[in-house]
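The values are calculated or read from the model by the stated rules, or taken from the named source; none is laboratory data. Bear in mind the structure is a predicted one, so any value in this text is a computation, not a measurement. Note: ideal-geometry Cβ built from the backbone for every residue, glycine included; neighbour counts use all protein chains shown. Please note that ligands, DNA and RNA were not included when accessible areas were found on the heavy atoms of the full protein model with its side chains. Shrake-Rupley method; radii C 1.70, N 1.55, O 1.52, S 1.80 Å.
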Amino acid sequence: MVVCQRWMMAIAAAGPLLTGAAWAQADIQSEERRSAVEANAIAQRNAGIVRRYIEVTNRHDVDAAVQFFADDTVNHGVPTGRSGTARVLTDIFTTFPDWRMEIVDLVAVGDDVVVREIVSGTHRGTGRIAVNGGLLVNAPPTGKRFIIQQMHWYTFNKDGLIVRARANRDDVGMMQHLGLLPMPAGGPRGLPPT
C-alpha cells in the first residue's frame with residue numbers, strides 16, 4: 001500500500017495528464033515540463049539514467065543506448081534483452097532517420113521511472129519488424145512527418161539497468177499523420193498549427 005500511495009502522490013505532483021488531441025496539442029506548444037522525483041538516491045539515480053538514455057537515443061547511438069538495459073530485459077512481458085532492444089532501435093532509426101523523443105513529464109519512485117514524451121520523425125525508410133503498432137512493416141516511405149505522444153515505464157535493477165520496459169503509444173495517430181490510415185474528422189491530432 002505504501003508504494004501505491006507514493007505513486008499517487010508523485011503522479012499528482014507532476015500535474016494533471018490530459019488525454020487526446022487537446023493535451024498533445026497543448027504540450028507541443030508549451031514550454032512547461034514537469035518532473036516529480038522521490039527524494040531518495042535510487043529514484044534520483046534512475047531518473048537521471050532515463051534522461052541520459054533518451055539523450056543517447058536521440059543521437060541514434062544504438063550501441064550506447066542498449067547499455068542502459070540488462071541482458072535479461074523484458075519488454076511487455078517478452079524477454080528481449082539488449083539484442084532485441086538493438087533490433088527495435090535500429091528498425092526505428094532506419095524507418096525514421098530523424099526520430100526524436102522529448103520528455104514532457106517524468107515521475108520516479110523507487111525502482112520505477114515513468115516518462116511522457118513527444119515523439120516525432122519523418123517516414124523515410126521501410127520498417128522490417130513489428131514495432132510502432134506493427135503497421136509499418138514493409139510500408140513504403142511516405143515522406144510525411146508525425147508528432148505524437150508516448151509514455152514509457154521503466155523498472156530498474158539494483159545495478160541501475162532497465163529490466164522491464166512498457167510503453168503506451170499513439171500508433172493510430174502516427175499512422176494517420178503518415179497517411180497510412182484516414183484522418184479523423186477535424187484533421188490531424190497532435191500537430192501544431194502551421
Check: Taking the stated definitions as given, is residue 193 more than 29 Å from residue 72 (Cβ to Cβ), at pLDDT below 95 and either assigned to a loop (DSSP other than H, G, I, E, B) or in contact with a Phe, Trp or Tyr (Cβ under 6 Å, 6 or more places away or on another chain) (or both)?
Finding: yes
Item checked: Output for segment 68-83, where each listed residue is outside any strand (DSSP E or B) and open to solvent by less than 80 Å² (accessible area, probe 1.4 Å) -> 68, 77, 80, 81, 82, 83
Checklist line | Lone unmet requirement of (1) crowded, with 16+ Cβ neighbours inside 10 Å; (2) over 27 Å from residue 37 (Cβ atoms) for residue 98 | finding: (1)
Next item on the list: Taking residue 116 as the residue in question, decide whether it is within 26 Å of residue 40 (Cα to Cα), touching a strand residue (DSSP E or B) at 6+ places or on another chain (Cβ under 7 Å) and of a type outside the set (Asp, Glu).
Entry: yes
Notebook entry, point to check: Does residue 132 satisfy being at positive phi, among the polar types (S, T, N, Q) and either free of Cβ contacts under 8 Å to residues at least 12 places away in the same chain or surrounded by 18 or more Cβ atoms within 10 Å (Cβ to Cβ) (or both)?
Noted result: yes
Next item on the list: Of the numbered conditions (1) surrounded by fewer than 21 Cβ atoms within 10 Å (Cβ to Cβ); (2) in contact (Cβ under 8 Å) with a residue 24 or more places away in the chain; (3) in contact with a strand residue (DSSP E or B) (Cβ under 7 Å, 6 or more places away or on another chain), residue 172 fails exactly one; give the number of that condition.
Entry: (3)
Item checked: Residue that is farther than 16 Å from residue 54 by Cβ and aromatic (Phe, Trp, Tyr), where the choices are 146, 96 -> 146
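Residues checked against (1) modelled with pLDDT of 95 or more; (2) under 21 Å from residue 34 (Cα atoms); (3) in a loop (DSSP other than H, G, I, E, B):
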position: 120; (1), (2), (3): yes, yes, no
position: 139; (1), (2), (3): no, no, yes
position: 142; (1), (2), (3): yes, no, yes
position: 151; (1), (2), (3): yes, yes, no
position: 160; (1), (2), (3): yes, no, yes
position: 179; (1), (2), (3): no, no, yes
Item checked: Criterion: open to solvent by less than 30 Å² (accessible area, probe 1.4 Å) and part of a strand (DSSP E or B) - qualifying residue of 86, 108, 65 -> 108
Check: Scanning for something at negative phi, within 14 Å of the chain's Cα centre (by Cα) and aromatic (Phe, Trp, Tyr), does segment 66-76 turn up at least one residue?
Finding: no
Item checked: Residue list for segment 43-62, filter: open to solvent by less than 80 Å² (accessible area, probe 1.4 Å) and outside any helix (DSSP H, G or I) -> 60, 61
